[in-house]
Amino acid sequence: MRRSAIPAIATLLVTLAAAPATAGGHGHGHHPESSKRLREAVTVGGVRDHLKAFQKIADRNDDTRASGTPGYEASAAYVKKKLQRAGYRVTEQKFIFPFFDELAPAQLTRVSPAGPAYETHTFDFSGTGDVTGQVVPALNNVLPPTPEPSSAAGCAVTDFTPASATAPQIALIQRGGCDFAVKAANARTAGYDAVIIFNEGQPGRDTLLTGTLGGPFDLPVVGLSFADGSALAAEAAAGVVTLRVVTSTFTDPNATTSNIIADSRGGDPNRVLVVGAHLDSVTAGPGINDNGSGSATILEIAEQVSALKIKTNQRLRFAFWGAEEAGLLGSEHYVASLSEAQLSSIYANLNFDMVGSPNYVRFVYDGDGSDTGTAGPAGSGEIESVFTDYFASQGLASDPTAFDGRSDYGPFIAVDIPAGGLFSGAEGVKTEEQAAEYGGTAGEPYDPCYHEACDDISNLNNRSLSELGDAAAHAVYTVGRLKGDLASPSASAAAAAAASSGGSHSHPSR
């Protein structure tokens, strides 16, 4: 993406251009000059044109592009048309999934003793209901919490006092030990009429709890912060506390959505590089950063690869996933649909989920696990080094982020396919150190509109789109032209040769 270079970066690029490709953190040469032509063709303006189109689609469709809605169908049609015009072989892979929508915000109010309403949130796939009843804590909530997560509250039916057969009662359950759906189902079996799940209490597990039940459920299920939940548990243990829980939801267990898959006409069909981003938003908003930004970026890269007639050794497959916000369902469906032979043909997966966050950080997935302790399959470290070497060559810092299963690389690494990618940050809070390095505001979320109605065309940072977009284009180009396996010496040699030739973020469920 075109922008003026500061003198230090310009000096660094001249030095790199005059020298042979050097080894990166994993022994790979990833010379930035090799991808320059593509990076210059992929512009912020081009990316934003696609983002403006996504915003217009949302404007015409109740401000959402969620899978299962007309807004998603229009987004998929737009992407499909652009890719076909660019010369790709495009297929639309339809699948059935459970659609959920919150029709009105949850309410959790005190009836007796009287008090203010609680800040709460409807769990995805919660049932609709209006229940007033006594709060009954699970028998094995761990209060105070242990330093490390240890609660398994509600993970067995015997964790509950049997509910009253004559008066409504509300189960109060601490997070931890099993899926939220298991806790809710056990409370229902024990006779409860509504469920409150509160956070466990350790740092990072103490804020207002949101999550998914994974599929349709017939009782109201809402979340609480640890502070509110633990205080309520203590009060309910000391005497009768009556609350009112109200939820209003809609679920269609047999909704239809699709993945848009576009294959380049060149490259080895037995060595496929899947470049993916989820196309859907949450129902609450248009999803322009999450994940219009990733989708628009890879769409712009796909168009420019075609326009420049760039040749790659790998077959490039640009994938726009549906129903990611419902639990990575599009990428899971795609991977599950592949035969053994088709799986073995996947060379790697590059994933781009949010690359325009307003208060951004240049996060790179920690493929070798050296910083986060969770490594991807063999070759993932090499993908990580493609990104980190590139950023270093531009005089730009990057931070590692873990393979925590919250985006569409998950189904690929689950079947041992190497993966990597970029992320500009979601609901996490920027540290003082990150603010000093990247700018922005410490103590504020990377994306203050994450999963909110305000995730619109104004919720973007052009510097983030530019810097992460350049790195994405570089990685598609570099990994697409490698020879041999990612972890092999021949892959390193291929990257160096390409350089010298000059032609080279869901909801938790537990």
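The values are calculated or read from the model by the stated rules, or taken from the named source; none is laboratory data. None of these values were measured; they are calculated from a predicted model. Here the Cβ is made from the backbone with ideal geometry for all residues, glycine too, and neighbour counts use every protein chain on show. Calculation scope for accessible area: heavy atoms of the full protein, side chains included, ligands and nucleic acids excluded. Shrake-Rupley method; radii C 1.70, N 1.55, O 1.52, S 1.80 Å.
When only residues in region 104-140 that are in a strand (DSSP E or B) and within 24 Å of the chain's Cα centre (by Cα) count, which is modelled with the lowest pLDDT? Outline the logic, then answer.
Within region 104-140, the subset in a strand (DSSP E or B) is 104-112, 121-122, 124, 129-137.
Checking which are within 24 Å of the chain's Cα centre (by Cα) leaves us with 105, 121-122, 124.
Details: 105: 96, 121: 96, 122: 97, 124: 92.
Filtering first and then ranking leaves 124.
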- Task: Scan region 421-447 for residues that are small (Gly, Ala, Ser) and surrounded by 16 or more Cβ atoms within 10 Å (Cβ to Cβ) and report the count.
- Result: 7
- Message: One residue is enough: does region 409-420 have a residue meeting the conditions touching a Leu at 6+ places or on another chain (Cβ under 6 Å), of a type in the set (Val, Ile, Thr) and open to solvent by less than 50 Å² (accessible area, probe 1.4 Å)?
- Response: no
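Test of understanding: among 388, 374, which residue is surrounded by fewer than 17 Cβ atoms within 10 Å (Cβ to Cβ) and among the β-branched types (Val, Ile, Thr)? Quick ask: steps written out before the conclusion?
Details: 388 fails: surrounded by fewer than 17 Cβ atoms within 10 Å (Cβ to Cβ).
Every option except 374 fails the conditions.
What about residue 101, is it assigned to a loop (DSSP other than H, G, I, E, B) and farther than 30 Å from residue 263 by Cβ?
Criteria not met by residue 101.
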- Item | Every residue from region 464-483 that is crowded, with 24+ Cβ neighbours inside 10 Å and either in contact with an Asp or Glu (Cβ under 6 Å, 6 or more places away or on another chain) or among the small types (Gly, Ala, Ser) (or both) | 464, 469, 471, 472, 473, 475, 480
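Of all residues in region 306-327, which are open to solvent by 10 Å² or more (accessible area, probe 1.4 Å) and modelled with pLDDT of 95 or more?
Initially, region 306-327 is screened for residues open to solvent by 10 Å² or more (accessible area, probe 1.4 Å), giving 306-313, 315, 317, 325-327.
The answer is 306, 307, 308, 309, 310, 311, 312, 313, 315, 317.
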